[in-house]
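Engineer: So that we are looking at the same thing, I have put the structure below in structure tokens.
The values are calculated or read from the model by the stated rules, or taken from the named source; none is laboratory data. In this text the structure is predicted, and so the values were computed from the model without any measurement. Positions of Cβ are backbone-derived with ideal geometry, glycine not excepted, and every protein chain shown enters the neighbour counts. Surface areas here come from the heavy atoms of the whole protein model, side chains and all, with no ligands, DNA or RNA. Shrake-Rupley method; radii C 1.70, N 1.55, O 1.52, S 1.80 Å.
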Amino acid sequence: MRRKLAAGNWKMNGTAGDLAELEALSRTYPSPSVDVLICPPATLIHRAAQTVGEAGIKIGGQDCHTASSGAHTGDISAEMLMDAGASMVILGHSERREDHAEQNEDVRAKARAVMDAGLKAIICVGESLEQREAANTLDIIGGQMSGSIPDQSTGENLIVAYEPIWAIGTGKVPTLDEIGEVHDFIRARLERRFGEGVGRSVRLLYGGSVKPGNAADIFAVSNVDGALVGGASLKADDFSGIIDALQNA
Ligand code: 13P
């Protein structure tokens, strides 16, 4: 049985005052029946971890360097994220692939660093609108998976998030059939590469304009084990609607 995961990606949003949202979530979900994760900006990870304390909510990072330490001004290692209180790290988000020209092999090296440090990697894949319209979606996702997912992956240390770029922050969402097609494809690829046991145990998240109003429908799609949520994770009230939908799925 795969444990469901509601993951919030705060992106470059949040200062100390916003920890109140996390406090509210902690109060509402002292021991959630699904995994609940918030990935605040790096500056807030330590305080976020202190805010949730021993509560059921987990804290994650949004990126890391491939090395564990060294002369890399401005970068943060997986070990440092763990030291600050993170247990998972988002990698290869399309915004990093675009803003920082991250390639699949960069994402794979980062994922290795995360797994070696004992953290879980949430590896993001997803097609652009152009690629979808050219019917290249599955080819793109397949290529991103082969290139970005390291060989040492297991059901324990790997989570894959399908985030169509055109659905991020736009209010546009693929049809449920389209989401199901990609998630079934990702599952089949994982089973083929890692064997059925591991392939079936990796959690698959959908991300892109998930809101309280569409979450229940999305969570009913086959091979959707949760969501990676941007905008709607910033406010405890909105994110609660998504967590509730996942708990009831
Ligand atoms: P939105 O939920 O704001 O569309 O963002 C999705 C996302 O990019 C999460 O990583």
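Engineer: Over all directions, what mean area does the Cα convex hull of the chain project, stated in square nanometres?
Structural biologist: Over all viewing directions, the chain projects a mean Cα-hull area of 12.1 nm².
Engineer: Can you send over the carbon and sulfur percentage of the accessible area for the range 18-105, probe radius 1.4 Å, protein chains only?
Structural biologist: Taking all protein chains in place, the range 18-105 shows 47 percent carbon and sulfur surface.
Engineer: What is the calculated FRET efficiency for residue 135 to residue 184, with r their C-beta to C-beta distance and R₀ = 25 Å, to the nearest 0.05?
Structural biologist: On the way: r = 17 Å, r/R0 = 0.67.
Working from the Cβ atoms, E equals 0.90.
Engineer: Quick one: which residues, 5 or more positions from residue 127 or on another chain, have an amide H under 5 Å from its amide H? H modelled 1.01 Å from N in the peptide plane, none for Pro or chain starts.
Structural biologist: 165
Engineer: Please work out the C-alpha center-to-center distance from the range 118-174 to the range 1-45 and express it in whole Å.
Structural biologist: 22 Å
Engineer: Using the Cα gyration tensor of the range 203-249, with a ≥ b ≥ c the square roots of its eigenvalues, what is the shape: rounded (a/c below 1.5), prolate (a/b larger than b/c) or oblate (neither)?
Structural biologist: prolate
Engineer: Based on alpha-carbon centroids, what's the gap between the range 175-192 and the range 64-113 in Å, whole number please?
Structural biologist: The range 175-192 and the range 64-113 have Cα centres spaced 26 Å from each other.
Engineer: Test of understanding: extend the Cα→C-beta vector of residue 72 to 7 Å, then name every residue of the range 92-106 with backbone N under 16 Å from that spot.
Structural biologist: Answer for this model: 92-93, 96-97, 100-106.
Engineer: Shifting gears a bit: Per residue, how much accessible surface does the range 88-230 expose to a 1.4 Å probe? Answer in Å², no decimals.
Structural biologist: On the way: 5640 Å² over 143 residues.
Roughly 39 Å² per residue, with all protein chains present.
Engineer: Where q = 0.12, 0.14, 0.25 Å⁻¹, what log10 of I(q)/I(0) comes from the Debye formula for the range 149-249, counting one point per Cα?
Structural biologist: -0.39, -0.53, -1.29
Engineer: Right, next: Residues with amide H under 5 Å of residue 38's amide H, sequence separation 5 or more or different chain, H placed in the peptide plane at 1.01 Å from N; which?
Structural biologist: So residue 38 has HN proximity to 8, 58, 59, 60.
Engineer: Tell me which of 49, 34, 62 sits at the most positive position along the dipole axis of the range 1-93, charges placed on C-beta atoms (Lys, Arg +1; Asp, Glu -1).
Structural biologist: 34
Engineer: Please list 10, 166 from largest to smallest accessible area, probe radius 1.4 Å, with all protein chains kept in place.
Structural biologist: Of 10, 166, the descending order of accessible area is 166, 10.
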